[in-house]
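Comments concern the structure below.
The values are calculated or read from the model by the stated rules, or taken from the named source; none is laboratory data. Keep in mind the model is a prediction, meaning the values are calculated, not measured. Please note: Cβ atoms are built from the backbone with ideal geometry, for glycine as well, and neighbour counts cover all protein chains shown. Areas reflect the complete protein model, heavy atoms only, side chains present, ligands, DNA and RNA absent. Shrake-Rupley method; radii C 1.70, N 1.55, O 1.52, S 1.80 Å.
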Amino acid sequence: MMKRYSSWIFILFLIFSLKGFGQDSTKYLTIKQCVDLAITNNLQVQQSQIQLDQNGVAYKQSKDNLLPQINGTIQQQNNYGRSISNVNNAYVDVQNGSGNYQVYGSLVLFNGLSLMNNIKANNLFYNASKMDLQQQKDNITLNVILAYLTVLSNQELLDIARSQASVDSSQVARLEIQNQEGAIPPATLYDLQGQYASDKVNVVNAVNALEVSKVTLFGVLNVPYQKDATYEMVSMNADVNDLRTPSDSIFQTALQVIPNIKATDLRVQSYQKSIAVARGKLYPTLSLFGAVNSNYSSIATSNIPGSEFQQSTGYYIPGTPNTDVFTTGLATQKTTFGDQVKNNRYQYVGLQLNIPILNFLSARNNVKTAKLNYENAKVLSNASRNQLQQLVEQAWQNLRSAYGQYKGYLDQVHAYGESFRTAEIRFNAGVITSVDYVIAKNNYDRANTNLSAARYNYIFRTKILEYYQGRLSLN
């Protein structure tokens with residue numbers, strides 16, 4: 001009995017442990033998890049996926065157009081009054097039913113290679129759609145990285161603001177005691193109390209900025225906001241290898257890896273093939289065709305073998321009035337549906353050549369339209385390259401500036417840190433006034449704030465340049 005209870009307790013403990021683990025894992029978000037969530041839920045990505053599927057269907061259809069066309073026709077009708085019988089092609093004046101049945105097939109043998117070129121054009125367009133989808137995923141990835149780093153930056157700024165307020169809080173508490181003892185002028189306490197009030201305002205602003213950045217991140221992810229979510233810190237790499245690589249070299253690499261450039265190139269090739277498709281319509285079309293036909297009539301009859309009989313015609317042989325003229329015939333019966341379909345079946349096969357002579361000049365105008373689409377695609381491709389070159393150059397300059405700012409703020413924090421450390425010792429010893437202390441502290445606090453912002457700005461600029469070189473990492 002005890003073993004049974006122990007087993008149940010262990011199972012319940014395991015269930016609750018796994019449940020708790022699952023809940024905690026949803027509240028801890030890494031940058032890779034955020035990117036995956038955003039790609040899954042993003043509207044533009046979903047629309048690009050649908051467009052890719054549609055172009056995939058069009059590509060498949062272009063290949064299926066090489067298959068023959070096979071269709072069947074069943075015609076059944078009732079005839080009233082005078083009509084032509086499909087049994088002997090003679091007029092009959094009796095109500096009857098008839099039917100015609102056909103299976104028809106055709107296969108294009110040659111049409112100026114339009115079908116083959118259309119397959120190639122649609123294949124290129126389908127591959128371009130793949131690149132469009134990847135470009136949308138890359139765009140949302142960069143948006144997530146920016147939003148995620150903004151959250152981390154604001155979190156660090158909040159920690160700095162609280163640390164700054166904590167330092168001033170300790171000073172205010174110390175000065176209040178000294179002020180009660182009359183050891184310092186009241187103005188000294190008031191200066192630090194004002195500084196402490198400013199610190200608390202900075203904390204409020206930092207909390208608001210952090211919450212707004214979190215809401216923005218979850219908006220990019222397109223998931224409900226989780227206020228208590230925690231985030232993974234991103235490592236800082238101060239390597240400047242990207243700056244040692246010339247921007248022109250990075251641009252040449254970007255031309256090979258950026259999906260948008262690949263998509264525009266594939267569209268240029270697709271529209272070039274579309275010109276060949278349109279030109280093919282200027283040539284004759286040779287087709288193979290054939291059919292199997294049969295028919296049925298409700299008044300069709302057939303002779304019954306072995307049912308011969310003689311019947312008087314009502315005529316007499318001239319000169320012999322008492323001699324009747326008889327005819328010999330066979331008894332008949334209605335022919336069954338199956339026998340008629342089998343007996344009336346006939347087939348034909350042939351070749352058909354359609355020669356375009358004058359069709360409102362639509363074929364030639366379609367060629368002109370295809371050429372214009374091709375020229376437009378080339379213009380868009382060149383524009384995309386120029387835009388990419390500008391973006392790479394801008395990203396390289398931004399990284400260079402961000403690195404310089406980061407290094408400068410590092411030196412500034414070190415210098416102002418030493419200055420504040422000295423000022424704090426001297427202020428506690430009563431050597432300098434509160435004004436000098438506040439100035440030194442504000443310089444140090446501002447330097448720390450600028451350094452934090454510069455750090456995450458440098459990380460983001462690094463990620464952008466990594467993307468243009470095809471080696472973007474989410475670590």
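Considered as a group, the residues in the stretch 181-233 that are more than 30 Å from T30 (Cα to Cα) and part of a loop (DSSP other than H, G, I, E, B) include one that is most open to solvent (accessible area, probe 1.4 Å), and that residue is E181. Residue count for the stretch 439-458 under the criterion of being within 11 Å of A402 (Cβ to Cβ) and either open to solvent by 50 Å² or more (accessible area, probe 1.4 Å) or out of contact with any Leu (no Cβ under 6 Å at 6 or more places or on another chain) (or both): the result is 5. Quick check on S434: is it farther than 17 Å from L142 by Cβ, buried (at least 17 other Cβ atoms within 10 Å of the Cβ), among the small types (G, A, S) and modelled with pLDDT under 95? Here the answer is yes, as S434 does meet what is asked.
The single residue among L133, L115, L142 that is at pLDDT 90 or above and under 30 Å from G280 (Cα atoms) turns out to be L115. With the condition kept exactly as written, say whether any residue in the stretch 405-415 is in a helix (DSSP H, G or I), at pLDDT below 90 and open to solvent by less than 60 Å² (accessible area, probe 1.4 Å). The answer is no; no qualifying residue exists.
Every test in (1) surrounded by 12 or more Cβ atoms within 10 Å (Cβ to Cβ); (2) of a type in the set (S, T, N, Q); (3) at pLDDT 90 or above is passed by Q347 save one, and that test is (1). At least 1 residues being within 30 Å of V292 (Cα to Cα) and under 36 Å from the mean Cα position of the chain (by Cα) is the threshold, and among the strands (runs of 3 or more DSSP E) wholly inside the stretch 81-179 those reaching it are 96-110.
When we screen G194, G182 for residues that are of a type in the set (G, A, S), at pLDDT below 90 and out of contact with any helix residue (DSSP H, G or I) (no Cβ under 7 Å at 6 or more places or on another chain), the only hit is G182. In the set K378, K342, only one residue is in a helix (DSSP H, G or I), open to solvent by less than 90 Å² (accessible area, probe 1.4 Å) and either in contact with a Ser or Thr (Cβ under 9 Å, 6 or more places away or on another chain) or modelled with pLDDT of 80 or more (or both); that residue is K378.
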